[in-house]
1. Would you check if Gly385 is modelled with pLDDT under 90 and among the small types (Gly, Ala, Ser)?
2. Can you tell me which residues in segment 338-348 are more than 21 Å from Gly301 (Cβ to Cβ) and over 21 Å from the mean Cα position of the chain (by Cα)?
3. Among Asp157, Asp178, which is the only one that is open to solvent by 20 Å² or more (accessible area, probe 1.4 Å), in a helix (DSSP H, G or I) and among the acidic types (Asp, Glu)?
4. If Ile366 passes every condition in (1) part of a helix (DSSP H, G or I); (2) open to solvent by 30 Å² or more (accessible area, probe 1.4 Å) but one, which one does it miss?
5. Can you tell me which residue among Ile394, Ile383, Ile437 is more than 25 Å from Gly301 (Cβ to Cβ) and within 38 Å of the chain's Cα centre (by Cα)?
6. So is Leu297 part of a helix (DSSP H, G or I), closer than 20 Å to Leu448 by Cα and among the hydrophobic types (A, V, I, L, M, F, W, C) or not?
7. (1) surrounded by fewer than 15 Cβ atoms within 10 Å (Cβ to Cβ); (2) part of a strand (DSSP E or B): which one isn't true of Ala388, the others all being true?
8. So Arg330 clears everything in (1) assigned to a helix (DSSP H, G or I); (2) touching a residue at least 60 places away in the same chain (Cβ under 8 Å) except one condition, right? Which one?
Amino acid sequence: MTDEAEQYERTPVRKPLVAIVGRPNVGKSALFNRMIGERRAIVEDIAGTTRDRLQGEVEWRNRLFDLIDTGGLAEPTSVAGSGAYMEAIKAQVESAVAAADLLLFVVDSKAGITAADHEVADMLRRAQKTTILVANKADNQRRSDESTEFYELGLDDPQPVSALNGAGVGELLDLISDMLPYLPDADEEQSEAATSLRVAIIGRPNVGKSALTNALLGQERVIVSDIAGTTRDAIDTPFEYDGEAMTLIDTAGIRRPGRVEGSIEHYSVMRAKGAVERADIAIVVFDASVRLRAQDLHIAGIALEEATGLVVCANKWDLIKDIWDFDKFRNSIIRRLRFATWAPVVVISALEKTGLDELMRTVKAIGEERRKRVPTSELNAIIRGALARRPPTIPGKKRLKLLYVTQARTEPPTFVFFVNDADLVSSTYKRYLENAIRRQFGYKGAGLHMVFRSRNEVE
């Protein structure tokens, strides 16, 4: 049993784990998306599109289980452009198989049985795990009937389904529910998941995002390579640090729009941005050896737009630690973050596993800051004082008047200002009022959402 499987087994209360395996291009990712009910995995008619393990949650008959999509198993020469990854993909699949309670072996009913299917079947028999044979692409009755040829693989009855139109997927989910060993109530698991801190690791390609993810998890959860674009999907992994439940989200590298090549990379970047939207905190990783670039600042801006928590993380310190003074280097980065002076800067080496405790302590502290709520009376006193000290400079006779301000919610901290005319508040003055709140109440590392409502909207 792998270290990862042992770690999963030691979890006292957990959802069952179901892994989807098979050769390339049989529709594993399409089936994964269909079963979790969202387009999380990238689907292309290109073998080798999926590389890392992608995990999602399935609810069926008021029960929950975790579903893992894996890369296609094939010989390196059989998948164009994927030879450099096939051994790593195979290792990822083997880890998923070792940890899983149930396997879905997906074959292509349109293409029929292949030598690669026989090889995968042999591997699964050696694993001695309960397996359901799924004949995908059974988009009509004829293909459904012809799926009987897969009895040749010696894995019981093939279950014909169509990930494209959903045919047979409900019956497959019924079968999975009946075969899994333990299924906790959905309400129980959802209440636990709601408290989990979602942490997205974002940045340009090749800055060490996947290496950081693996270093934090203590396992080779995602494939690490010097080839830009190795990570394609957003990879969610449950994680715990110092008693805090978290979900780490490793993402594809975000390049400038003009440098994005092909539909796969386009969808990878979309998935990365989507990960930020659903994250509580974004760790913006950059390469310390090339300093903080304009694209790094742009990526930090994506997190600011979503009002997530923000940590700026300089990776690969091991490459420059003999050249730079530590404090001088960190201060040089802070000076470049003029638009987010409240964001902490952490210097790490994912390779040498240094600075990781400081990084995760910072993440945990930001999570606490995002849950902070301030008294309305104190908030109004601070804002009225800020207005008196520096009234907004506005041409014409009309002047900004504050009716009141309140904190509408936490996570992210959201402040609603009721004023006579919201159009009188410039972006510069919004930052001034935000800084006034931060000076008094902190919110270190936490993005704030500032909303202004005019008097007529209040009425």
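1. Values: modelled with pLDDT under 90: no; among the small types (Gly, Ala, Ser): yes.
No; evaluated as a whole, the condition is false for this residue.
2. Val347
3. Values: Asp157 fails: in a helix (DSSP H, G or I).
The match here is Asp178.
4. (2) is the only condition that Ile366 fails.
5. Just one listed residue meets the conditions, Ile383.
6. Details: part of a helix (DSSP H, G or I): yes; closer than 20 Å to Leu448 by Cα: yes; among the hydrophobic types (A, V, I, L, M, F, W, C): yes.
Against the criterion (part of a helix (DSSP H, G or I), closer than 20 Å to Leu448 by Cα and among the hydrophobic types (A, V, I, L, M, F, W, C)), Leu297 qualifies.
7. Failing condition for Ala388: (2).
8. All conditions pass for Arg330, except number (2).
The values are calculated or read from the model by the stated rules, or taken from the named source; none is laboratory data. Remember, it's a predicted structure, so these values are computed and weren't measured experimentally. Every residue, glycine as well, gets a Cβ built from its backbone with ideal geometry; the counts of neighbours run over all protein chains shown. Ligands, DNA and RNA are stripped out before the accessible areas are found, and what is left, the full protein with its side chains, is counted by its heavy atoms. Shrake-Rupley method; radii C 1.70, N 1.55, O 1.52, S 1.80 Å.
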